[in-house]
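A short write-up of the structure that comes next.
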Amino acid sequence: MRDRDWLFAYENRIHNFRSTGVLLNNGKVLIQRGINDTEFALPGGHVIWGETSAETLVREYKEELGADISVDRLIWVEEVFWKWGAREAHTICHYHLVRLTNSHQIPDYGSFKSLSSDESKLIFQWVNINGLQDYKIYPAFLKDKINNLSEGIEHFITRE
């Protein structure tokens, strides 16, 4: 039995811990959306109890993309206060700079569906980092920060 996601849901509140990867390739970043959604995000998922946020990314990229990655470093930490349906949500998210260990495991241009049957409701897309302004994407600070990655870890608080 798989351990539980680090997600606590109550009648009117949700608390969760996510980890996402920033995968860059030739001036492009890999983003994802649900097959029926118009909003984009970076690939990743919920941290499982006992798993580090870096281990989460290795697992999620393998599950969703069939791709092996290495995690270079933590670049951003975000605390997000938002509405998840009728509930108030508080998400803590770690953003890591990642790279493919085998660049031939996924397409290196355009858009493509998840390679995992369990995650077939996801579409992945390579987008020019200078064209992110044309997308509704989370985190919103990605549009400004992607071109100017700090050497340290940056912390953001977002209230939606």
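Does Ala140 qualify as being free of Cβ contacts under 8 Å to residues at least 40 places away in the same chain, aliphatic (A, V, I, L, M) and either loosely packed, with under 13 Cβ neighbours inside 10 Å or closer than 24 Å to Thr38 by Cβ (or both)?
Values: free of Cβ contacts under 8 Å to residues at least 40 places away in the same chain: yes; aliphatic (A, V, I, L, M): yes; either loosely packed, with under 13 Cβ neighbours inside 10 Å or closer than 24 Å to Thr38 by Cβ (or both): yes.
Answer is yes for this residue.
Within the range 31-77, work out how many residues are under 21 Å from Tyr135 (Cα atoms) and surrounded by fewer than 14 Cβ atoms within 10 Å (Cβ to Cβ).
Summing the residues that are under 21 Å from Tyr135 (Cα atoms) and surrounded by fewer than 14 Cβ atoms within 10 Å (Cβ to Cβ) in the range 31-77 gives 6.
If the requirement is being within 23 Å of Tyr10 (Cα to Cα), crowded, with 18+ Cβ neighbours inside 10 Å and touching a strand residue (DSSP E or B) at 6+ places or on another chain (Cβ under 8 Å), which of these qualifies: Val80, Val98?
Just one listed residue meets the conditions, Val80.
I need the full set of residues from the range 20-39 which are part of a strand (DSSP E or B), within 15 Å of Ile146 (Cα to Cα) and of a type outside the set (Lys, Arg), in order please.
Answer for the range 20-39, where residues must be part of a strand (DSSP E or B), within 15 Å of Ile146 (Cα to Cα) and of a type outside the set (Lys, Arg): Thr20, Gly21, Val22, Leu23, Leu24, Asn25, Val29, Leu30, Ile31.
No lab work stands behind these numbers, since they all come straight from the coordinates. Remember, it's a predicted structure, so these values are computed and weren't measured experimentally. In this analysis, Cβ positions are derived from the backbone assuming ideal geometry, glycine residues included, and neighbour counts consider all displayed protein chains.
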